[in-house]
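Shown next, in structure tokens, is the structure this report addresses.
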Amino acid sequence: MKETPEEVINQYLENQRAFFLTNKTKDIRFRLEQLNKLKKAILDNRKKIEDALWTDLHKSPEESYLTEISVVTQEIDNHLKHLKKWAKPKKVSTPKHILPSSSRIIFEPLGVALIVAPWNYPFQLLINSLVGSISSGGCAILKPSSDAPVIAKVMEDMIRNNFASAYITVVQGGRKTNTILFKQRFDVIFFTGSPKVGKVVMKAASEHLTPVVLELGGKSPCIVDADANINIAAKRIAWGKMINAGQTCIAPDYLFAHKSIKDELLDKIEETIREMYGDDIKESRFYPRIVNERAINRLEELLTQGRTHSGGEIDKNERFIAPTILDDVKENDLVMQDEIFGPILPVMTFEHLDEAISYINKNEKPLAFYYFGRNRKAKEVLAKTTSGGACINDTLMHIANHNLPFGGVGNSGMGKYHGHDSFLAFSNQRAIVNTPTWIDLPLKYAPFKHFKLIKKIL
């Protein structure tokens, strides 16, 4: 994919800054119209989107709809329903020492946003973020991943055919284009990707003191305790790990299984995978592919770790790696160092819950956390750990509730979005105090003649 020249990017930025200053994007009716236009564009291009995701990642139309298209259309519907309420100035109480002033918060757009998305959910993660920018009243330059080129071009065409480039536009390219973009002064940068690149983004943004939302990843742990429902745990772990062939930022990255149930659990996970994809998984139209050869080679090296319980097959020509369970993995193994981002599930064993908790806490804070067991123990586990989000007796499903904020903590990211939090992510909460002129109390002025009274009031 060709890189976008710097002069083109500069022109887009200049045009968007000028358009933003017309204040047209701040009008609520305009925002609602654009959200409706975006939804219609998605529905009109649904077949093209599904075909592109099949080409880039071998995603079935069903998976594409469930994990990409419907996520965005539901987000749009949520904003259409609540935007007027969210954008309305919010009255707040005023302390007695500044009465008779009144206080409120007004929500104004930050301005021109840069939204950079990865390749694993290339449609959802680019367009879902755009919903927040439109809703807040801003402009946006969108940068899809060059590793999913077919859907990147579909999105570019969809945006170009429905929105003026001075309002929303797409730029294409790889690392060179990213470097040019990160040098520019934006009003907010919304980046989804790896912690490694997130650090580059944050460093570049600091040159202009640009606020950032970083949606990163990491090694999200999954604990299955002795008293868990094994059949349910196996089914939900297999689903959460193997959707998109494990190329999901909140996939359970590794499994901590209680010694007493580990063997049964792993056999059940293997059985569930066969039930979902069939005995010949490579022939299943529901099982996606690894994004490119570079990723295949990286994952192949991880398959040498531990003991292969099931899976392990690779077909590089097909970009296929079978769902693989690695048992007897050790803490210092390569597969336990970085986020896997593939259909490989390493397994460690524990006898006492504190062993698993201690391991999790000595590593970077994860984006997601999964615990299978009784609710009483779940409360203890949550109290002793931290993560961006979590599920009890399930995986991934916290992302499906737009009333919950989604985002990381520490190494797994900063800032939240989805629903109201998406509106807030692209907004400035401006604090306003309105003081009348019919009275002017002398207490605050030098030489502070009534200082004793002031101290009593404060």
Next item on the list: May I ask you to derive the relative contact order of segment 299-413, considering only C-alpha pairs under 8 Å and at least 6 residues apart, and to give it as an integer percent?
Entry: 19
Next item on the list: Please name whichever of 103, 130, 161 sits farthest to the positive end of the charge dipole of segment 51-168, dipole taken about the Cα centre and charges placed at Cβ: Lys and Arg +1, Asp and Glu -1.
Entry: 103
Notebook entry, point to check: What is the ratio of the Cα radius of gyration of segment 150-252 to 2.2 N^0.38 Å, where N is its residue count, to two decimals?
Noted result: 1.49
Margin query: To check you understand DSSP bridge types, tell me what percent of the beta bridges within the chain (both residues inside) are antiparallel, rounded to 5.
Written below: 35
Next item on the list: Hey, could you get me the Stokes-Einstein D for segment 221-400, Kirkwood radius over alpha-carbon pairs, 25 °C and 0.890 mPa s, rounded to whole µm² s⁻¹?
Entry: 151
Notebook entry, point to check: What order, most packed first, do the peptides 131-142, 439-450, 315-326 have when packing is the mean number of other Cβ atoms within 10 Å of each residue?
Noted result: 131-142, 315-326, 439-450
Next item on the list: Sort 336, 202, 155 so the one with the fewest other Cβ atoms within 10 Å of its own Cβ comes first.
Entry: 202, 336, 155
Check: Which whole-number percent gives the relative contact order of segment 1-98, counting Cα pairs below 8 Å spaced six or more residues apart?
Finding: 26
Note to self: Using Cβ counts within 10 Å as a stand-in for footprinting exposure, how do 391, 249 rank, fewest first?
What the structure shows: 391, 249
Checklist line | Kyte-Doolittle mean at least -1.0 and Cα axial length at least 15 Å: DSSP H helices in the chain | finding: 6-20, 28-44, 46-57, 70-87, 122-136, 149-160, 195-206, 230-242
Check: What percentage of all Cα-Cα pairs in the chain are separated by more than 31 Å?
Finding: 47
Next item on the list: List, in order, the whole-Hz ³J(HN,Hα) value for each residue of segment 434-439 obtained from phi through the Karplus relation with A = 6.51, B = -1.76, C = 1.60 and θ = phi - 60°; use x for Gly and Pro.
Entry: 10, 10, x, 10, 6, 9
Checklist line | Beta bridge orientation in segment 221-400: antiparallel %, DSSP, nearest 5 | finding: 20
Check: What dipole magnitude, in Debye to the nearest 20, does the chain give about its Cα centre under +1 on Lys/Arg Cβ and -1 on Asp/Glu Cβ?
Finding: 3240
Checklist line | ³J(HN,Hα) computed for each position of segment 245-250 - Karplus, 6.51 cos²θ - 1.76 cosθ + 1.60, integer Hz, glycine/proline x | finding: 6, x, 8, 9, 5, 10
Next item on the list: Return the subset of 88/203; 196/365; 235/330; 96/444; 2/153 for which the Cα-Cα distance in this structure is over 23 Å, preserving the input order.
Entry: 88/203; 235/330
Item checked: Karplus 3J(HN,Hα) series, Hz, for segment 321-337 with 6.51 cos²θ - 1.76 cosθ + 1.60 (x for Gly, Pro) -> 10, 5, x, 10, 10, 10, 9, 6, 7, 10, 4, 8, 5, 4, 5, 9, 8
Notebook entry, point to check: Expressed as a rounded percentage, what relative contact order does the chain have, with Cα pairs under 8 Å and six or more residues apart?
Noted result: 19
Margin query: Could you work out [θ]222 nm for the chain from helices alone, using -39500 (n - 2.57) per DSSP H run of at least four and dividing by all its residues? Round to the nearest 500 deg cm²/dmol.
Written below: -12500 deg cm²/dmol
Check: What is the fewest-to-most order of 54, 239 by other Cβ atoms lying within 10 Å of their Cβ?
Finding: 239, 54
Note to self: To check you understand DSSP bridge types, tell me what percent of the beta bridges within segment 48-200 (both residues inside) are antiparallel, rounded to 5.
What the structure shows: 20
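We did not get these values from a lab; they are worked out from the coordinates using the rules stated. Remember, predicted model here, so these are calculated numbers, not experimental data. A quick note on method: Cβ atoms are made from the backbone with ideal geometry, for glycine too, and the neighbour counts reach across all protein chains shown.
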